[in-house]
1. How much of LYS84 can a 1.4 Å solvent probe reach, expressed as accessible area in Å² and rounded to 10?
2. In a shell of Cβ-Cβ distance under 13 Å around ASN143, excluding ASN143 itself, what net charge do Lys and Arg (+1) and Asp and Glu (-1) give?
3. For LEU259 and THR173 in one chain, what is 0.36 nm times their gap in residues minus the Cα-Cα distance, to one decimal in nm?
4. How much length is gained if the chain between ASP232 and MET105 is pulled fully straight, taking 0.36 nm per residue apart and subtracting their Cα-Cα distance, in nm to one decimal?
5. Under 5 Å between amide hydrogens, which residues at least 5 positions from THR82 or on another chain qualify, with H placed 1.01 Å from N in the peptide plane?
6. Order the peptides 218-227, 64-73, 189-198 from the highest to the lowest mean number of other Cβ atoms within 10 Å of their residues.
7. In region 139-179, what percent of the accessible surface is made up of carbon and sulfur (1.4 Å probe, ligands and nucleic acids excluded)?
8. What are the ³J(HN,Hα) couplings of region 251-258, residue after residue, when phi is run through the Karplus curve with 6.51, -1.76, 1.60 and θ = phi - 60°? Round to Hz, x for glycine and proline.
Amino acid sequence: MRHLWRQQEGDTPTNSKTIGYDDNSQGHAHKLGRDDTEKMPSFMFACRRGHMQCRNFYYITMLRDPVSRYLSEWKHVQRGATWKTSLHMCDGRTPTQDELPTCYMGDDWSGVTLLEFMDCAHNLANNRQVRMLADLSLVGCYNISFMNESERNEILLQSAKNNLKNMAFFGLTEYQRKTQYLFERTFNLKFISPFTQLNSTRAANVDTDELVRQRIAELNFLDMQLYEFAKDLFLQRFQFTRQKEHQEEREKRRKERRLIREQKARHSNMPPEEQITTEDYTSQVTRW
């Protein structure tokens, strides 16, 4: 999941300048500190260190079908990817070993099977999208004894929904062209080429039966709910934006027709000597 942030230069996101992005899926950050998504609500309108002025920051993100995203992360980890550099800072501290145990021994988890990946109860791949969008300080960060599980899950999911809804923009991996359209309309920008819907991904090429996919969905039950909420909101925004665009086009055509009628009316009311004659060249020659 990536979060692009924008430093405000005018009054709207349209006039903003893209500064950088934060790839928090693996703990690598560009301009933003690691794990800033875990305190997103307090960072969305923040003051940058070393700067006298406070700025507005506009976050955008992309969500993905939870089952496909989970399979993709498994393949990524299987090839040796780790999250060692991610501090998981929350409320000013990192989690203890008891709060956030590791799923493997050694340098990485390369070669892990899908079954092993799913069997780790504290695998951070589970419900990653909700956790990265939610304000973890509301539930005691990684201290799962802070409140009962059902209450914790409900708060996390609602926090993720609220933060997603309040972002300047979000898109869905499964709707590339619609995502491009909404992005361009939101920020008044144009991409030089259309987005491509790539269906042949590593996750798509994983041979899994329906029972396995169902178990992955159960492990990511919060992400599944968030994705359904996001998809519904995304399609509503797309439909609203399209309707607004059509209304603007109709209004533009109406104004153009009115302008033409006004020009014709003015022309018909002009004195004859001021009206432009339309005699052709032959009539001019005959007269001469």
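The values are calculated or read from the model by the stated rules, or taken from the named source; none is laboratory data. As the structure is a prediction and not an experimental result, all values here were calculated from the model. Here Cβ is always computed from backbone atoms with ideal geometry, including for glycine, and neighbour counts include all displayed protein chains. Side chains are part of the model used for accessible areas, which takes the heavy atoms of the whole protein and leaves out ligands, DNA and RNA. Shrake-Rupley method; radii C 1.70, N 1.55, O 1.52, S 1.80 Å.
1. Taking all protein chains as shown, LYS84 has close to 120 Å².
2. On the way: positive: ARG93, ARG152; negative: ASP91, ASP98, GLU99, GLU149.
Result for the local shell: -2.
3. Working: separation 86, 0.36 × 86 = 30.96 nm, distance 4.35 nm.
Between LEU259 and THR173, full extension yields 26.6 nm more.
4. Numbers: separation 127, 0.36 × 127 = 45.72 nm, distance 4.08 nm.
Result for the pair: 41.6 nm of gain on full extension.
5. Those qualifying (amide H under 5 Å, at least 5 residues apart or on another chain) number zero.
6. Working: 218-227: 20.2, 64-73: 21.7, 189-198: 9.2.
Packing proxy ranking, top to bottom: 64-73, 218-227, 189-198.
7. Details: 920 of 2020 Å².
After summing per-atom areas, the C and S share lands at 45 percent.
8. Once θ is set to phi - 60°, the couplings for region 251-258 become 5, 5, 5, 4, 5, 5, 5, 5 Hz.
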